[in-house]
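Colleague: Can you read through this structure? Questions will come right after.
The values are calculated or read from the model by the stated rules, or taken from the named source; none is laboratory data. No experiment lies behind these values; they were computed from the predicted model shown. Here the Cβ positions follow ideal geometry from the backbone for every residue, glycine too, while neighbour counts run over all protein chains shown. These accessible areas exclude ligands, DNA and RNA; they are computed on the full protein's heavy atoms, side chains included. Shrake-Rupley method; radii C 1.70, N 1.55, O 1.52, S 1.80 Å.
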Amino acid sequence: MEPATTILAIETSCDETAAAIVINGTEVRANIIASQIATHRRFGGVVPEIASRRHMENIVPVVAEAMATAGLSFTGLDAVAVTYGPGLVGALLVGLAYAKSLAYALDKPLIGVHHLLGHIYAGFLQYPHLPLPAACLVVSGGHTSLVYLESHTCRRILGATRDDAAGEAFDKVARVLGLPYPGGPELEKLAREGNPRAINFPRAWLEEGSLDFSFSGLKSAVINYLHHARQTGTEVNLADVAASFQAAVVEVLVTKTIQAARRMATRSILLAGGVAANSSLRQELAAAGREAGLPVFCPSPALCTDNAAMIACAAYYQYLRRDFAPLDLNAIPDLPLIN
Ligand code: KG4
Ligand code: ZN
């Protein structure tokens, strides 16, 4: 039997300072997240400079807490993993500087992880044997992509958003509905009290056969709807607006994911990224998967939003093929998702 591989992963790409310790890509020994939501809420969004400063304050105690929770000392680690992009450059650099110093001091390999690959590997953390090839819908605050996962080393982007990411659309619409940051989960809560069929907001299917997405038209339609109601003095049911907006996003995401799975003849479907925490999306995709005869895997909501356990899992598969990074690894804010 192979000896156990213990990886410490660090994630600071946006507004969560996170550290996790995962053994063999599946056994989570610690998963610590210091959220900055309260700090950024009064600005209505993440302020990059403030995020970097908070990461600097949090990184040492968050890693110390992860080590203590796992009951480990640094010498018990086999590798140090870190997110190096995409994300806010100043935020990424804090995690990177810490991870590189630690890897150097311990003389252990450094593993650079793509943030979106981390989101995808939240799926393998929870379901290590999910059948491949899989069609993976990655929906986060910054990205919306359909990814064909052939194997752990071979993947291909089938479609992506041409404008706003799904999470970004949730956040922007939540803001015009007067909901606090971060808007996605707040909008979901409000939508539960509304009628998803009350308003027929547009669905951007794009040209025939396209697996790309577009959400900016839908966002504008919601803004126009509210503007028009205000001008004409019509009363608006905000829960209906939230529910109808959510239904439009979910319908397009689910339909295109099933199309992608069918076209590529995949054996399963995986949902990933912060928006994957949305229960309407989870339910609708599960139902569509059942109808198509395809198993749908949705990691638990806490693993869908930003965390370091998913980064540790992605890093484990890189560790197995000795995909290590040099100690001059730099932050790449717009790092593309390739193999
Ligand atoms: O993956 P993530 O934690 O960070 C990024 O990498 O962007 O995703 C954050 C995004 C935000 O836009 C947030 O509003 C959205 O995911 N989100 C949700 C829900 N939970 C988080 N959107 C809709 N419904 C939710 N329950
Ligand atoms: Zn993320």
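Colleague: Can you pull the accessible area of Tyr316 for me, 1.4 Å probe, Å² to the nearest 10?
Modeller: Ignoring ligands and nucleic acids, Tyr316 comes out at about 40 Å².
Colleague: Pop out the carbon and sulfur fraction of the accessible area of the chain as a percent, whole number, probe 1.4 Å.
Modeller: Answer for the chain: carbon and sulfur cover 53 percent of the accessible area.
Colleague: For Phe245, Phe324, give the ranking by accessible area with the largest first, probe 1.4 Å.
Modeller: Working: Phe245 0, Phe324 75 Å².
Per-residue accessible area, sorted high to low, gives Phe324, Phe245.
Colleague: Mind ordering 118-131, 27-40, 267-280 by average Cβ neighbours within 10 Å, highest first? List each step's numbers first, then the result.
Modeller: Details: 118-131: 21.6, 27-40: 17.4, 267-280: 24.2.
Averaged packing, sorted descending, gives the order 267-280, 118-131, 27-40.
Colleague: Go ahead and estimate [θ] at 222 nm for the chain from helices alone: -39,500 (n - 2.57) per DSSP H run with n ≥ 4, summed, over the residue count, rounded to 500.
Modeller: -14500 deg cm²/dmol
Colleague: What full-extension length gain, to one decimal in nm, is calculated for Leu320 and Arg192 as 0.36 nm per residue of separation minus the Cα-Cα distance?
Modeller: Stretched fully, the Leu320-Arg192 segment lengthens by 41.7 nm.
Colleague: Highest mean first, what order results for 166-178, 226-238 on Cβ atoms within 10 Å?
Modeller: Working: 166-178: 22.3, 226-238: 11.2.
Packing proxy ranking, top to bottom: 166-178, 226-238.
Colleague: Something else now. Using the basic label-point model (7 angstrom from Cα toward the beta carbon), what is the Asn330 to Thr39 distance in nanometres?
Modeller: Computed distance between label sites Asn330 and Thr39 equals 2.5 nm.
Colleague: What do you reckon, how do His152, His114 stack up by accessible area (1.4 Å probe), largest on top? Walk me through the numbers on the way to the answer.
Modeller: Working: His152 50, His114 15 Å².
Result, largest first: His152, His114.
Colleague: If you roll a 1.4 Å probe over the heavy atoms of the protein chains, what accessible area per residue do you get for the range 33-174, in Å²? Provide the component values of the computation, followed by the final result.
Modeller: On the way: 5460 Å² over 142 residues.
Accessible area per residue, the range 33-174: 38 Å².
Colleague: Stick to the Cα atoms of the chain, pair each with every other, and give me the Kirkwood hydrodynamic radius in Å at one decimal.
Modeller: Working: mean 1/r = 0.0488 Å⁻¹.
Final number for the Kirkwood radius of the chain is 20.5 Å.
Colleague: In addition: If you find the alpha carbon centre of the range 154-225 and of the range 250-328, how far apart are they in angstrom?
Modeller: Taking the Cα centre of the range 250-328 as reference, the centre of the range 154-225 is 19 Å away.
Colleague: Additional query: Quick check: net charge around Gly184, other residues with Cβ under 12 Å of its Cβ, Lys/Arg +1 and Asp/Glu -1? If you can, show how the numbers build up before the last one.
Modeller: On the way: positive: Lys172, Arg175, Lys189; negative: Glu168, Asp171, Glu186, Glu188.
Computed value for this residue: -1.
Colleague: Just to verify a number: what accessible area does Lys189 come out at with the full protein assembly present, 1.4 Å probe, Å² rounded to tens?
Modeller: Near enough 100 Å² of accessible area.
Colleague: I want the local charge near Ala91. Using Cβ-Cβ distances under 12 Å, sum +1 for each Lys or Arg and -1 for each Asp or Glu among the other residues. Could the numbers behind the result be given before it?
Modeller: On the way: positive: Arg53, Arg54; negative: Glu11, Asp15, Glu16, Glu49, Asp306.
Its environment carries a net charge of -3.
Colleague: Here's a follow-up. First obtain the Kirkwood hydrodynamic radius of the range 132-298 from its Cα pairs, then insert it into the Stokes-Einstein equation at 20 °C and 1.002 mPa s, and state the resulting D in µm² per second as a whole number.
Modeller: On the way: Rh = 16.1 Å.
Rounded to a whole number, D works out at 133 µm²/s.
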